[in-house]
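The values are calculated or read from the model by the stated rules, or taken from the named source; none is laboratory data. If you're wondering where the values come from, they're calculated on a predicted model, not measured in any experiment. Glycine also receives a Cβ, built like all others from the backbone with ideal geometry; neighbour counts cover every protein chain displayed.
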Amino acid sequence: MTGRVALEGLEFHAFHGVYPHERESGNWFEVDIAVETDFSSAAFQDDLAGTVNYETLFRIVKEEMDKPSKLLEKVAGKIIEDILDELPVVQSVDIKISKINPPIGGKCKRATVQVFKKR
């Protein structure tokens, strides 16, 4: 039995962006992440060891969001790589990272990158 563990609406003040002022003053970002895993053990044994601990997912996301990068694609790729390396039970990762009020010269609520990877 497979299922998804997801964290939605994570908010971070981080320093990602192509422009120097973005990496100096930072901006607000929102992250949604979901992983697919086998729930067979957790569903019948009521044991955290049979699923993915969402505190671990949060830690992995936070660690990468704390490192300044120019591109959100790089941030998303590194988060996915870290999850697949650290959590062998994860079968796939779907992550969406949004920059709130991006500096594009006009009104925009968010600019979003979404990346999906299957093991």
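Worth a mention:
- Every condition in (1) of a type in the set (V, I, T); (2) in contact with a His (Cβ under 9 Å, 6 or more places away or on another chain); (3) modelled with pLDDT under 95 holds for V52 except the one numbered (2).
- Pairs where the first residue, in segment 92-119, is surrounded by 12 or more Cβ atoms within 10 Å (Cβ to Cβ) and the second is part of a loop (DSSP other than H, G, I, E, B) and of a type in the set (S, T, Y), C-beta under 8 Å, 6+ apart: P103/Y19
- Subset of segment 59-86 (residues that are buried (at least 18 other Cβ atoms within 10 Å of the Cβ) and either more than 11 Å from H16 (Cα to Cα) or of a type in the set (F, W, Y) (or both)): I60, V61, A76, I79, I80, I83
- Some residue of segment 26-47 being over 17 Å from the mean Cα position of the chain (by Cα) and at pLDDT 90 or above: yes
- Inspection of segment 13-25 identifies no residue that is under 23 Å from K118 (Cα atoms), outside any loop (DSSP other than H, G, I, E, B) and among the acidic types (D, E).
- For segment 69-119, the set of residues classified as of a type in the set (D, E) and closer than 16 Å to E30 by Cα consists of E73, D94, listed by residue number.
- Scanning segment 26-73 for residues that are free of Cβ contacts under 8 Å to residues at least 24 places away in the same chain, part of a loop (DSSP other than H, G, I, E, B) and farther than 20 Å from L10 by Cα returns D46, D47.
- Consider segment 103-119 and keep the residues that are part of a loop (DSSP other than H, G, I, E, B) and at pLDDT 95 or above. The one that is farthest from G9 (Cα to Cα) is G106.
- Considering residues of segment 88-102 that are of a type in the set (A, V, I, L, M, F, W, C) and either in contact with a Ser or Thr (Cβ under 8 Å, 6 or more places away or on another chain) or part of a loop (DSSP other than H, G, I, E, B) (or both) only, the residue nearest to L7 (Cα to Cα): I97
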